[in-house]
Amino acid sequence: MRSIIMLTGIIIFSSIIGALLIYIPYSKTHDQLIQQNRLLQQEKKSLQGKLDDERQKRAEMIKETKQNDEETPQTGGVFYSFTKTPLSKTETQIDVFLKGEKDMMIDATDLVLSHTPTIVIKEIKKGTAFPSYPRSMDLDGRITITGIAIPQGNSFMYGKTNELFVSLIVEKISGDGVITLIEKDTQAYINGAPILDFTRSFKQISL
């Protein structure tokens with residue numbers, strides 16, 4: 001009888017020890033998971049705080065930029081326009097104007113055009129927009145006209161807006177033709193900065 005009681009006690013004691021051996025590692029693992037979760041939550045809150053701060057800084061920068069843009073006077077651009085005058089059944093005069101705000105002083109401008117082989121450029125007439133035209137030529141279907149400001153004493157004679165830039169006498173030799181503005185090579189400058197408005201400049205001239 002005593003042996004049975006002792007055996008029963010040993011079994012119960014062993015069960016308790018086994019349960020403790022299982023519970024203690026589980027408890028430690030559970031505590032570690034809770035601690036890791038807390039750390040992750042803290043890192044998440046910290047990261048969210050940094051993102052919120054960054055968004056706030058960017059919003060303030062955008063607001064400041066807009067305010068500066070509103071306070072800074074904007075200079076209007078210049079653009080090219082044209083008129084066509086028939087001279088005969090096959091010949092047309094195209095007058096190209098440099099348009100813009102009144103009394104703008106233009107440093108220089110390059111007007112570069114291409115034309116189809118169905119027309120020929122019989123003559124290029126310099127306009128009155130610039131005091132000097134160092135380039136005025138038609139070569140292999142590519143027309144290039146350059147106007148520049150020139151020194152005058154202690155100052156400069158600048159290019160003027162709303163003046164005739166150039167006149168082209170064009171002849172059709174085999175059907176209709178097209179003259180196209182080459183935007184990548186065309187530009188106008190004020191104080192060395194490009195200012196040509198391509199959205200208002202002509203794209204093509206049909207003949």
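Across region 94-111, in residue order, what do the Karplus-derived ³J(HN,Hα) couplings come to in whole Hz, using 6.51 cos²θ - 1.76 cosθ + 1.60 with θ = phi - 60° and x for Gly and Pro?
Couplings: 10, 9, 9, 10, 9, 9, x, 5, 5, 6, 6, 10, 9, 5, 6, 8, 10, 10 Hz.
Looking at region 79-206, I'd like the Rg to Rh ratio, where Rg is from alpha-carbon atoms and Rh is Kirkwood's inverse mean 1/r.
0.98
Say R0 is 41 Å: what FRET efficiency, to the nearest 0.05, do Asp103 and Gln204 get from their beta-carbon distance?
On the way: r = 30 Å, r/R0 = 0.74.
FRET efficiency, Asp103 to Gln204: 0.85.
Provide the net charge surrounding Ile106, with neighbours chosen by a C-beta distance below 14 Å and charges set as Lys +1, Arg +1, Asp -1, Glu -1.
-3
Which one, Phe79, Ser114, Leu98, projects farthest toward the positive side of the charge dipole computed for region 75-114 from Cβ point charges (K/R +1, D/E -1)?
Value: Ser114.
First select every other residue whose beta carbon is under 15 angstrom from the beta carbon of Ile150; then total the charges, Lys and Arg +1, Asp and Glu -1.
+2
Could you check the simple spin-label distance between Glu123 and Asp197, using points 7 Å along Cα→Cβ, in nm with one decimal?
With each label placed 7 Å out from Cα toward Cβ, I get 3.3 nm.
On a 30 Å Cα-Cα criterion, which of the cross-link pairs Lys122/Lys203; Lys102/Lys172; Lys89/Lys184; Lys89/Lys160 come out too long?
From Lys122/Lys203; Lys102/Lys172; Lys89/Lys184; Lys89/Lys160, over 30 Å: Lys102/Lys172; Lys89/Lys184; Lys89/Lys160.
Expressed as a whole number of Å, what is the distance separating the alpha-carbon centroids of region 96-138 and region 148-174?
About 6 Å separates the Cα centre of region 148-174 from the one of region 96-138.
No value in this document is a laboratory result; all are computed from the given coordinates. Everything numeric here is computed off the predicted structure, so don't read it as measured data. Reconstructed Cβ throughout: ideal geometry from the backbone, glycine too, with neighbour counts over all protein chains shown.
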